[in-house]
Amino acid sequence: MARSPDSVLSCVDMNGTELADGVLRYAFRQLLGNNGFVHVVDVPESFDHVAFLKEMGEFQPTPTGTVVGDVKPERGMDDVNHGQNRGALTPHTEGYEFQGTPPRYLALWCVTPPAGQGGETTIFDGHRILAEFTEEERSHLRDTVYRWGSTEGLARHGVRPTAEHPVLEERDGEVILRFSTNYLAVPEGDDVARRLVDRGNELYAERHIAVRYRRRDLLVWDNWRMLHSRNAFEDPERHLKRVQIAA
Ligand SMILES: [Fe+2]
């Protein structure tokens, strides 16, 4: 069952007056740190999403070099697991298939909300999956190097990255969680990794948060902590913008 977002920030106060820049940023940082994500609503037309997000860090290009990109259905991609179609995705963290550090934050904002059913971005806190694992099991996920593949969608565009790294990795005193339902190669007999993927999917299915967009809404999450996915949709006009922000 989907839950409603429990980390939401309005750009206007109770009088309908836009929040001062400093107030908005303060509340945003606080919610992001506490919950791992923020859904920013009541976004005025004058709001500059790109400028706001640049304050959080350097933008990181995607595998196809896009820095500020579009998420909208692309013709001929409906048959594969890929962001640029109308299908559902499976839970993952971004950037697991690349050797380097995954983006710290991901941001999506809405240009055109989908009419009709579906099209929600869904997220779930990876810490709630890890809470089911003992310290010893977490050490296993830190000390074991796994192979990670990439989606057929990227392959069709000539990008076929694979990487080798553990599920959990420490960086500057913080823990990075990598997760992929389909593209983490679980070795025969590795019950801990098997359970991570299986329980991760079960918990995700039961308790994920679904974000339904209005025009200009902004969703930002901590990609070292949160899993994300998407519900299928019908409306070919659904259009989001997307950036990934480095550590
Ligand atoms: Fe993704």
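The values are calculated or read from the model by the stated rules, or taken from the named source; none is laboratory data. Just so you know, these numbers come straight off a predicted model, no measurement behind them. For neighbour counting, all protein chains shown are included, and Cβ atoms are generated from backbone atoms with ideal geometry for every residue, glycine included.
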Answer residue from segment 62-93, given it is assigned to a loop (DSSP other than H, G, I, E, B) and at pLDDT 95 or above and is nearest to residue 232 (Cα to Cα) among those: 91
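Considering only residues of segment 179-212 that are β-branched (Val, Ile, Thr) and within 26 Å of residue 238 (Cα to Cα), which is surrounded by the most Cβ atoms within 10 Å (Cβ to Cβ)?
Among them, the one singled out is 211.
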Residue list for segment 167-196, filter: without any contact (Cβ under 8 Å) to a residue 40 or more places away in the chain and in contact with a Leu (Cβ under 6 Å, 6 or more places away or on another chain): 167, 168
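Do you know which residues across segment 48-58 are assigned to a loop (DSSP other than H, G, I, E, B) and surrounded by fewer than 17 Cβ atoms within 10 Å (Cβ to Cβ)? Explain how you work it out, then say what you get.
Residues of segment 48-58 that are assigned to a loop (DSSP other than H, G, I, E, B), as a first pass: 48, 55-58.
Once the filter is applied, which keeps residues that are assigned to a loop (DSSP other than H, G, I, E, B) and surrounded by fewer than 17 Cβ atoms within 10 Å (Cβ to Cβ), segment 48-58 yields 48, 55, 57, 58.
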Failed item, numbered, when residue 86 is tested on (1) more than 16 Å from the ligand (Cβ to nearest atom); (2) surrounded by fewer than 22 Cβ atoms within 10 Å (Cβ to Cβ): (1)
Residue match in segment 37-44 (condition: over 15 Å from the mean Cα position of the chain (by Cα), surrounded by 13 or more Cβ atoms within 10 Å (Cβ to Cβ) and without any contact (Cβ under 8 Å) to a residue 24 or more places away in the chain): no
Number of the exception - residue 240 against (1) among the aliphatic types (A, V, I, L, M); (2) more than 15 Å from residue 96 (Cα to Cα); (3) surrounded by fewer than 21 Cβ atoms within 10 Å (Cβ to Cβ): (3)
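So which residues in segment 1-11 are charged (D, E, K, R) and part of a loop (DSSP other than H, G, I, E, B), if there are any at all? So that I can check it myself, show each step before the final result.
Keep residues of segment 1-11 that are charged (D, E, K, R), which gives 3, 6.
Correct list: 6 only.
Considering only strands (runs of 3 or more DSSP E) fully contained in segment 131-247, which possess at least 3 residues that are more than 16 Å from the ligand (Cβ to nearest atom)? If you could, list the steps in order and put the result at the bottom.
Values: elements: 146-148, 163-165, 168-171, 174-177, 209-211, 218-222, 226-230, 239-245.
Output list reads 168-171.
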Pair list, Cβ under 8 Å, 6 or more apart: segment 84-99 residue among the basic types (Lys, Arg), other residue in a loop (DSSP other than H, G, I, E, B): 86/73; 86/78; 86/232; 86/234; 86/236; 86/238
Some residue of segment 11-27 being surrounded by 14 or more Cβ atoms within 10 Å (Cβ to Cβ), under 16 Å from the mean Cα position of the chain (by Cα) and either closer than 30 Å to residue 164 by Cα or charged (D, E, K, R) (or both): no
Per-region count, segment 12-39, residues assigned to a loop (DSSP other than H, G, I, E, B) and more than 22 Å from residue 122 (Cα to Cα): 7
Among the residues listed as 58, 45, 18, 97, the single one being among the acidic types (Asp, Glu) and within 16 Å of the ligand (Cβ to nearest atom): 97
